[in-house]
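The values are calculated or read from the model by the stated rules, or taken from the named source; none is laboratory data. Nothing here was measured: the structure is a model prediction, and the numbers come from that model. Cβ atoms come from the backbone with ideal geometry, glycine included; neighbour counts cover every protein chain shown. SASA here: full protein model, heavy atoms, side chains in, ligands and nucleic acids out. Shrake-Rupley method; radii C 1.70, N 1.55, O 1.52, S 1.80 Å.
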Amino acid sequence: MKSPVRTCQERKNDYWKEVLERVHIIDFALILAVPSIITAAYLLPASIQQSLVLEYGNPSLFNIWSASYVHRGFDHFSNNLVAYILYIVPTYLLFISADRRKLFWYSFVSFLICLPPVIALLNIAVIGQGSGAGFSGIGAAFMGLLLVASITFVRYRVLNDAGGTTGTSVFLMALGFTAWIYTNLLITMGILVVSALLLFYEIHSIGFDQVRGSVSELNSNREHVMLVIVAFALFLSSPTLLFPKQIVQDGNAVNIFSHYIGLVFGFFVPTVLSIYWEHSQEIFSPLREKFGC
């Protein structure tokens with residue numbers, strides 16, 4: 001008879017074996033391309049970096065995109081670099097563990113290509129003066145994606161009855177903590193109450209027994225538990241990272257508006273993609289079976 005210690009070790013080995021089987025070398029190359037690009041941009045001469053910054057009052061088509069990849073000083077650069085690495089690793093592991101690699105890559109590409117113009121144009125429309133630079137808006141999107149990855153993992157590996165909008169309550173909870181930074185306790189409590197009610201509704205829709213059984217199943221694998229706990233903890237810490245109490249730091253204003261855009265984009269765009277793919281499969285799978293394609 002095998003000892004419990006041996007059984008736990010076997011489970012741990014099986015988990016990492018499964019992860020390694022799903023990992024592709026090209027994935028790491030593309031993930032590491034991002035810090036390589038922003039590092040290369042940081043090492044450019046100051047005059048070239050300045051030419052890549054977006055002037056809200058006089059924007060150029062290229063600067064609308066390029067501004068997200070240049071930084072104002074080493075602290076600005078290093079903070080965004082560390083945040084990206086910190087969030088992208090668990091996000092990737094959760095998506096491949098849930099066998100949703102395609103959703104990860106669609107989200108990843110949309111953040112790098114589509115999100116910079118969205119952030120830039122909204123800043124031009126709302127702020128309209130000054131200049132913008134930095135990867136933090138895209139970094140905020142990866143924070144939002146971490147929550148999507150966590151929910152996706154739980155849904156497809158543990159809780160199959162969960163709906164596509166599961167996780168919205170946790171997202172609202174993070175917004176509640178953000179409201180606490182800049183508003184009063186009443187508004188914060190209002191958002192957190194709505195979040196709690198939505199979470200209760202989601203649990204009720206799935207079924208309390210089903211949720212309880214899924215939690216027990218998740219607890220049987222320590223690696224899964226730790227990965228999910230770390231992911232949720234990182235996400236819930238995002239308000240303190242993205243929305244500082246002191247907006248002006250070292251003479252520069254932190255663009256919390258860009259952070260907010262990125263966080264919302266990073267959660268809702270992948271969530272909508274996921275729901276769309278699910279409904280597409282429900283509609284077209286019977287047709288494929290019928291016509292043998």
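Of the peptides 113-123, 194-204, the order by per-residue mean of other Cβ atoms within 10 Å, starting with the highest, comes out as 113-123, 194-204. Computed over protein heavy atoms with a 1.4 angstrom probe, the accessible surface ordering of Trp277, Trp105, largest first, is Trp277, Trp105. For the stretch 179-194, putting each phi into the Karplus relation 6.51 cos²θ - 1.76 cosθ + 1.60 with θ = phi - 60° gives couplings of 4, 5, 5, 10, 10, 9, 5, 4, 5, 4, 5, x, 5, 5, 5, 4 Hz, in residue order, rounded to whole numbers and with x for Gly and Pro. Of Met143, Met173, Met189, the order by accessible heavy-atom surface (1.4 Å probe, DNA, RNA and ligands excluded), from most exposed downward, is Met189, Met173, Met143. Measuring r between the beta carbons of Val194 and Ile25 and using R0 = 41 Å, the FRET efficiency lands at 0.40. Of the whole protein surface, Phe257 contributes about 60 Å² of accessible area at a 1.4 Å probe radius. Among 127-137, 176-186, 39-49, sorting by the average number of other beta carbon atoms lying within 10 angstrom of each residue, highest first, gives 127-137, 176-186, 39-49.
3J(HN,Hα) along the stretch 261-269: 4, x, 4, 5, 4, x, 8, 7, 5 Hz, from the Karplus curve 6.51 cos²θ - 1.76 cosθ + 1.60 with θ = phi - 60°, whole Hz, x for Gly and Pro. The phi torsions of the stretch 144-149, fed into the Karplus equation with coefficients 6.51, -1.76 and 1.60 and a -60° offset, translate into couplings of x, 5, 4, 5, 4, 4 Hz, rounded to whole numbers, with Gly and Pro shown as x.
A protection proxy built from the mean count of other Cβ atoms within 10 Å ranks the segments 28-38, 68-78, most packed first, as 68-78, 28-38. Extension gain for Glu55-Asp99 works out to 11.7 nm (0.36 nm per residue, less the C-alpha to C-alpha distance). Under a 5 Å amide H cut-off, with hydrogens placed 1.01 Å from N, Ser131 pairs with Tyr56 among residues at least 5 apart or on other chains.
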